[in-house]
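Right, one structure below, let's go through it.
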Amino acid sequence: MTTRGLVVGATVVMLSTVTIIGAGIHMKGQAFFQDSPKELIDEVWQIINKNYVDATFNQVDWRSVRNDYLNRSYSSQEEAYDAIREMLEKLEDPYTRFMDPDEFRSMQIDTSGELTGVGIQLAQDEETNKLIVVSPIEDTPAFEAGIQSQDIIVEIDGRSTEGMDINEAVNLIRGPISSEVVLTVKRDDREIEFPITRARIEIHPVRYSYREDLPGGVGYIRLTQFSQLAAEEMRDAIRDLESQGVDAYVLDLRANPGGLLQASIEIARMWFDEGKIVSTVDRQGILEVQRANGRALTDKPLVVLVDGGSASASEILSGALQDNERAILVGTQTFGKGLVQSVRPVGSGSGLAVTIAKYYTPDGRDINQEGIPPDIESELSEESREALRTDRTLIGTLQDPQYSRAIEVLQNANIATQASDSTSD
């Protein structure tokens, strides 16, 4: 399935690994934009022309596109916005997109760790155009209502989504806090209605606890997104668990849709001292390699939990840990998103996300549309999935089959280590 993804609510965030460039700084006056909507169109065109990862622009004559859109007449901001979106569609890249001022402000809020809306990560199958839930974000109205990964949204407030563009769906799902939206989803052969009340949610991306599931104690860390808070909260979690003397770790990246590229790099450096983390290659073939910096916070055994909702920055981190043989991955195949975007302000408060590079794991794997296979396959049954959804206290416990499998792996690793130490003595 080829998909394109967004986190939707009253906010919109791409399912992507992003770098933020000058957010909130480069802004033209409102009066200037109203007088010259073509200025915004040309600004977007120039950024794509200079930075887009595909120098052929999807086999499109990009200069001809510029002439076409600048020779048109525009009477409003909205007409210019529509023209830009139409222009970008020619690239057939779901991750390169224009954001109007409301959408851009929402995206900045999301990466700062706040979300307003229903809290689902939505993808669109590019062959069937079906709107598919990649995963509901934990502790959000959609999660509480019972929306599940792989649900297909067939109606929004009674309106059919057949043939609907994902941006239109986003606009229908967004809305004021405390207002209600009804999502009708298809799950297997059933259609289910979910009335959901929109809300503002402050998201702390890291949750952790000391577990006694191994004799020496286990540090369980769940990372839900790579926001600006993620690295700091991860550092605090590891340090606290180290002070409690844990013998091993389980890092849970399930249903983590990604986020900021730098956050994934900083977090990887907390787990190993030497080795590559990720390589990025732009359209000029310029290779940039990010490496560990000798400042790991722990060298204890580590298992990482992944699934089909682990995407983008989650895949950078899990790929780095896997290729450096620092961790064992348990779960199911990850999402498969191996592209990097830059996000920058354009015009008067709008924003533009541009795919600028491909990324590769330390071993040179291109995981785009492929994903990262776990070292140990562990699939949740429908019964287990429903049990974890209805009782979130079970997540990351021995009643969570994937976590339980991780504990088995760590137990075997500890036994092997002890046997090796005994032999060397």
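Values for this structure:
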read-out: Any hit, region 65-83, residues being touching a residue at least 60 places away in the same chain (Cβ under 8 Å) and within 26 Å of residue 311 (Cα to Cα); value: no
read-out: Residue list for region 213-222, restricted to those being among the aliphatic types (A, V, I, L, M), touching a residue at least 60 places away in the same chain (Cβ under 8 Å) and surrounded by 19 or more Cβ atoms within 10 Å (Cβ to Cβ); value: 218
read-out: Selection from region 227-243 of residues that are open to solvent by 10 Å² or more (accessible area, probe 1.4 Å) and more than 20 Å from residue 315 (Cα to Cα); value: 236, 239, 240, 242, 243
read-out: Filtered residues of region 61-75 (kept if more than 10 Å from residue 41 (Cβ to Cβ) and open to solvent by 40 Å² or more (accessible area, probe 1.4 Å)); value: 61, 63, 64, 67, 68, 71, 73, 75
read-out: Per-region count, region 244-263, residues in contact with a Gly (Cβ under 8 Å, 6 or more places away or on another chain) and open to solvent by less than 10 Å² (accessible area, probe 1.4 Å); value: 6
read-out: Boolean, residue 34 is modelled with pLDDT of 95 or more, exposed (fewer than 15 other Cβ atoms within 10 Å of the Cβ) and not basic (Lys, Arg); value: no
read-out: Wholly within region 52-157, strands (runs of 3 or more DSSP E) carrying at least 2 residues that are modelled with pLDDT under 95 and in contact with a strand residue (DSSP E or B) (Cβ under 7 Å, 6 or more places away or on another chain); value: 97-99, 114-117, 120-125, 131-136
read-out: Some residue of region 195-212 being more than 24 Å from the chain's Cα centre (by Cα), open to solvent by less than 90 Å² (accessible area, probe 1.4 Å), over 30 Å from residue 247 (Cβ atoms) and touching a residue at least 12 places away in the same chain (Cβ under 8 Å); value: yes
read-out: Single unsatisfied condition, residue 267 versus (1) modelled with pLDDT of 95 or more; (2) in contact with a helix residue (DSSP H, G or I) (Cβ under 6 Å, 6 or more places away or on another chain); (3) open to solvent by 10 Å² or more (accessible area, probe 1.4 Å); value: (3)
read-out: Residues of region 245-274 classified as in a helix (DSSP H, G or I) and not β-branched (Val, Ile, Thr), total; value: 6
read-out: Candidate set: region 315-327, residues that are farther than 12 Å from residue 361 by Cα and not hydrophobic (A, V, I, L, M, F, W, C); chosen: the one least open to solvent (accessible area, probe 1.4 Å); value: 326
read-out: Residue selected from region 338-372 under the condition at positive phi and open to solvent by less than 10 Å² (accessible area, probe 1.4 Å), by the criterion farthest from the chain's Cα centre (by Cα); value: 347
read-out: Some residue of region 81-95 being more than 26 Å from residue 336 (Cα to Cα) and under 24 Å from the mean Cα position of the chain (by Cα); value: no
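The values are calculated or read from the model by the stated rules, or taken from the named source; none is laboratory data. Note that the coordinates shown come from a computational prediction; the quantities given were computed from them, not determined experimentally. Quick reminder, even Gly has a Cβ in these numbers, built from the backbone with ideal geometry, and neighbours come from all protein chains shown. The protein model used for the area step is the full one, side chains on, heavy atoms only, and it has no ligands, DNA or RNA in it. Shrake-Rupley method; radii C 1.70, N 1.55, O 1.52, S 1.80 Å.
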